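Throughout, read-outs are computed from the coordinates displayed, never taken from laboratory work. Since the model is a prediction, treat every value here as computed from it, not as a measurement. Cβ atoms come from the backbone with ideal geometry, glycine included; neighbour counts cover every protein chain shown.
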Amino acid sequence: MIFCDTSTVAKLYVPETESVAVRRRLESEDIVYVSELVRAELMAVFHRRLREDKWTRTDFSAAVRQFTADDIGGFWTWLPLDGTIAAAAARIFASLPETVFLRTADCLHLVTAVQHNLPEIFTHDKHQIAASQALGIVPVVIRSSDRVPPV
């Protein structure tokens, strides 16, 4: 069981150095938790690649279809993004030390982890990695050199 933010989920659909290792790791898990925020953020990642001419419309559509198939197939276990999460995020910002750089979406992912008693967040986002420790969440980065435990 693991909890991933969008930066990790995106590596399943956007070919990058860690993509193969991320796929292996996630496919070896019985449950892959993600915040509902991932739905919108991932589509934004796909759209950015289209907008920046890194993908064709065909590439974009293929990624959307694959994500949709994975979702319908039950690959993701969705954690709600509701008023409780938003209120907790607001409270975090009210008490966060001024030295911590924390973006709103990152805070929503971290608060989701806290609210669901998930001690780790799988992320590839340098800002998320730095900020997670302020909320007591351990950041985990899957590297292409990491050995994947046998299934």
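Let me know the Kirkwood hydrodynamic radius for region 26-108, please, with Cα pairs as the basis and the value in Å to one decimal.
Kirkwood hydrodynamic radius for region 26-108: 15.0 Å.
Work out how much length GLU36 to PHE93 would gain on full extension: take 0.36 nm times their residue separation and subtract the Cα-Cα distance, in nm to one decimal.
The span from GLU36 to PHE93 would gain 18.5 nm if fully extended.
Check which residues have an amide H placed less than 5 Å from LEU79's amide H, if you skip close sequence neighbours.
Residues meeting the criterion, in which the H sits 1.01 Å from N, are VAL34, SER35, GLU36.
For Cα extents along the principal axes in Å, the choices are (1) 59, 29, 24; (2) 45, 38, 28; (3) 47, 33, 25; which was calculated from the structure?
(2)
Could you sort the peptides 15-22, 28-35 by per-residue average Cβ neighbour count (10 Å cutoff), highest mean leading? Walk me through the numbers before you get to the answer.
Working: 15-22: 15.5, 28-35: 17.5.
The densest-packed peptide leads the list: 28-35, 15-22.
Quick one: if the Förster radius is 25 Å, what FRET efficiency do PHE101 and GLU16 give, using the C-beta to C-beta distance and rounding to 0.05?
0.60
Most exposed first by the Cβ proxy, i.e. fewest other Cβ within 10 Å, how do CYS4, CYS107 rank?
The fewest-first ordering by Cβ neighbours comes to CYS107, CYS4.
Using 1/(1 + (r/R0)^6) with R0 = 25 angstrom and r between the beta carbons of ARG48 and ILE72, what's the FRET efficiency to the nearest 0.05?
Computed FRET efficiency for ARG48 and ILE72 comes out at 0.55.
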